[in-house]
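The structure appears below as C-alpha cells.
What follows is calculated from the coordinates using simple rules that are stated; it is not laboratory data. Since we're looking at a predicted model, the values are computed, not measured. Here the Cβ is made from the backbone with ideal geometry for all residues, glycine too, and neighbour counts use every protein chain on show.
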Amino acid sequence: MTMVNIFGASMKKLVSILLLCCLKVAFADPYQSVLYSSLSSGKVFYQSTRQHKMLELVSGEIQYLRTVDGAEGYQAQQVLQFEAESSVRIVDHKPGTAALSLYRDAERQLERLKFQTLYRCDYLQCGDISGWQLYLSDKLLGKEDTQHYLLAKATGPSNAEYYAQFYIVELDDQPRSFLRLVGPVSSPFQPADQAVDDDRVSLFFLYDSTHLLEQSRLELTALAAKIQRDNVSKVVITGHADSHGAPAYNRALAIRRADHVAAALKSQADLDSLHIERMAQGEASPYADNRSAAGREQNRRVTVQLLGPNPHE
C-alpha cells in the first residue's frame, strides 16, 4: 500500500470518528452546550452526569408534612417521573448580582430554545429551601425570599422530549444556581408485576411512617386469624415505599415496615413459632404511578404472602 493510500485511509477513519462524535453531541443533547455557555456567568461549584432509573422533576408545590408518629419531611404535590439521563451544573455567580436577573436570563434563553414552561414559583411561594435540597441538591443554600424555580419542556430531534429545571437562590448576596437538563426521555411508568394471588395481602402505611392505616390494621388482625385457621407454616413479608426521598432511605423504610408487620404477627397468640421471611424492595417495585398522590399512597405498603404445605387445607 502506498503512503498516499495509507494517509487517505487514516483521514477517512478520522473523519468518520469526528462525524460520529458530532452526531452524538447534536442528537444526544441538543441544548446542553447552548444553555451552559449562556448561563455560566460564574464559577462552576459542582457538575455531574448520570443515568436515572426513576428521576422526579418537581412540577407542583412542595409541602412540609408531619406524620402522627412525629416523622417530618417534604412532599411535592406533583412530579414528573422518568427513566432518563440528566446533566447537572451548580454555579456560584458574581456577588451582588440579583438572583431575579439571572433567573430572567435563564427564562429568556429557554424560550429561545422553544422550551415551554410547565411550572414555576418565586420567592416564598417556593416554600422551604429544605424541600428543594431534598428534590434537587443539598448543596443549595440561601434565603427563601430570594428563590426562583422553573420547569420547562422542549421537543428535540426525532420528537424526543427534553426537560430543564432551573433554580436559583441567594446567600449573603451570593447567588447560586442549579440547572438540570434531562433527556431524551424514555420509558414511561410501568407498574410492577400485579399478578393476582389469593394468598398475598397488601397492607398500607402513613407517609414516611411504619404506622399502618386504620383499615390495614383491621386487615392485619384478620390475616393473623387466617394464618391460624389455615395452619400456614411460613409467610414472606416484602416492604415497599414510594419514590420520595433517597433510594437508600426508602429501602431502609421498607424493611422497617416489614419488621413492624412481622412483629405484629409474632405478637398474636399461637403465632410465635411462625416462620417469617422479610425482604425490602424500597421504591424499586411500584404498584402504582408515583407521579400522583393516589399512586404514592398505594406504594407505601407491605405485601404478605402465605406459604405452607397446603394453606387452603
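Values for this structure:
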read-out	value
Amide proton proximity set for His148, modelled H, under 5 Å, gap of 5+	Tyr123, Ile168
Estimated FRET transfer efficiency when R0 is 45 angstrom, pair Arg229-Ala293 (beta carbons, to 0.05)	0.80
FRET efficiency, 1/(1 + (r/R0)^6) with R0 35 Å, evaluated for Glu161 and Leu141 via beta carbons	0.65
Inter-label distance, nm, simple model (7 Å from Cα along the C-beta direction), Asp173/Thr117	2.9 nm
Modelled FRET efficiency - R0 41 Å, Glu56 with His275, Cβ distances, 0.05 increments	0.65
Chain lengthening between Arg256 and Lys43 when straightened (0.36 nm per residue, less Cα-Cα)	72.4 nm
Over 19 Å between alpha carbons, listed pairs Lys226/Lys266; Lys114/Lys143; Lys43/Lys114; Lys94/Lys139; Lys94/Lys143	Lys114/Lys143; Lys43/Lys114
Stretch gain in nm, segment Asp128-Tyr249, where the contour uses 0.36 nm per residue and the Cα spacing is subtracted	41.5 nm
